Amino acid sequence: MEWKRQFMLTRMLHPTRSSVISLDAEHVRINRGWNFPTRLHKDAKACVDNRRLFEALVRKWSQTYSVIDAATHDAFKDRRTDSPRNLLIEGVPLREVLNEFMLNLRVTDYNDSSLHTALTLALGAAVKDDELCDVFLIGELTPQTRSLTSTERINTLFVGKSPNVDDFDRLTYVGDSALHGNDRVAVHLRKYDLRQSKLGPTIARDVPWYAIHLPQRLAKDSVIEEEKSGI
């Protein structure tokens, strides 16, 4: 029988000696701050399914919870006039994000799948009836253009602050990575048109993507163990 075990551990511990069990174990590090997959474009059918999931959940959450321009909050300063707005759906129950989004998203790349499973476990460990998170629709989900690395992974996720200075008063935009609260999970939903290289042709369009910002209390590693083939 095929089976899978998942453990939440500190970074100092291991579940058991590798010689004791016939399982392949992968220790996935979940960092405080931003965590995100890098190859969600790999499977065209999965992209279609994920696009439908995005559309359904954005429609549902937008109808159920408050949707505002993220720049309404001073900390998310955005005075750009040539870019679609970042929208913020505030106070979505974390249980809904876990059950309706994380458990239904299709992630087929091996490394991305391990990270996605670990993030799902971390969120599952935090689910309480009153636990909320903030969902950002980056650029109103208008696809942004990115290029891929030689390993076919996305080269960068976030648009940086503008201009690139530390003086908040001089900023036109705080940058995508600043769009999160201090102690609440933040989820970025966005889409990309992907090029093979910086000057190469577009190989995938309208690819749904996500990033999750975890507060320190949720940054727990996960060990994912799967049965070794042929045992």
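The values are calculated or read from the model by the stated rules, or taken from the named source; none is laboratory data. Here the structure is a predicted model, which is why all the values come from computation and not from measurement. Every residue, glycine as well, gets a Cβ built from its backbone with ideal geometry; the counts of neighbours run over all protein chains shown. Keep in mind that these areas ignore ligands, DNA and RNA; they rest on the heavy atoms of the full protein, side chains included. Shrake-Rupley method; radii C 1.70, N 1.55, O 1.52, S 1.80 Å.
Looking only at the stretch 160-177, residues that are under 30 Å from Arg52 (Cβ atoms) and crowded, with 17+ Cβ neighbours inside 10 Å come to 1 in all. Open to solvent by less than 80 Å² (accessible area, probe 1.4 Å), among the hydrophobic types (A, V, I, L, M, F, W, C) and at pLDDT 95 or above - does that describe any residue in the stretch 22-30? Checked against the condition, which is being open to solvent by less than 80 Å² (accessible area, probe 1.4 Å), among the hydrophobic types (A, V, I, L, M, F, W, C) and at pLDDT 95 or above, the stretch 22-30 yields no hits at all. Among the residues of the stretch 173-196, those that are among the hydrophobic types (A, V, I, L, M, F, W, C) and part of a loop (DSSP other than H, G, I, E, B) comprise Val174, Leu179. Checking each residue in the stretch 179-201 for being open to solvent by 10 Å² or more (accessible area, probe 1.4 Å), within 18 Å of the chain's Cα centre (by Cα) and either among the charged types (D, E, K, R) or within 14 Å of Leu137 (Cα to Cα) (or both) picks out His180, Asp183, Arg184, Lys191, Asp193.
Considering the stretch 99-110, and only residues there that are over 12 Å from Lys42 (Cα atoms) and assigned to a helix (DSSP H, G or I), the residue that is most open to solvent (accessible area, probe 1.4 Å) turns out to be Asn99.
Taking the criterion of being among the aromatic types (Phe, Trp, Tyr) and closer than 21 Å to Leu141 by Cβ, the only residue of the stretch 87-122 that qualifies is Phe101. The residues in the stretch 143-163 that are farther than 26 Å from Leu218 by Cα, part of a loop (DSSP other than H, G, I, E, B) and in contact with a His (Cβ under 9 Å, 6 or more places away or on another chain) can be counted, and the count is 1.
For the stretch 72-95, check the following and say yes or no: at least one residue is of a type in the set (Ser, Thr, Tyr), in contact (Cβ under 8 Å) with a residue 60 or more places away in the chain and assigned to a helix (DSSP H, G or I). Looking for residues that are of a type in the set (Ser, Thr, Tyr), in contact (Cβ under 8 Å) with a residue 60 or more places away in the chain and assigned to a helix (DSSP H, G or I), one finds none in the stretch 72-95, hence no.
Within the stretch 46-71, no residue satisfies the criterion of being in contact (Cβ under 8 Å) with a residue 24 or more places away in the chain, surrounded by fewer than 13 Cβ atoms within 10 Å (Cβ to Cβ) and either among the charged types (D, E, K, R) or on the phi > 0 side of the Ramachandran plot (or both). Residue-level check: of (1) farther than 24 Å from Leu53 by Cβ; (2) at pLDDT below 95; (3) assigned to a helix (DSSP H, G or I), Leu199 misses just (3). Across the stretch 164-172, a minimum of one residue is classified as in contact with a strand residue (DSSP E or B) (Cβ under 9 Å, 6 or more places away or on another chain) and not in a helix (DSSP H, G or I).
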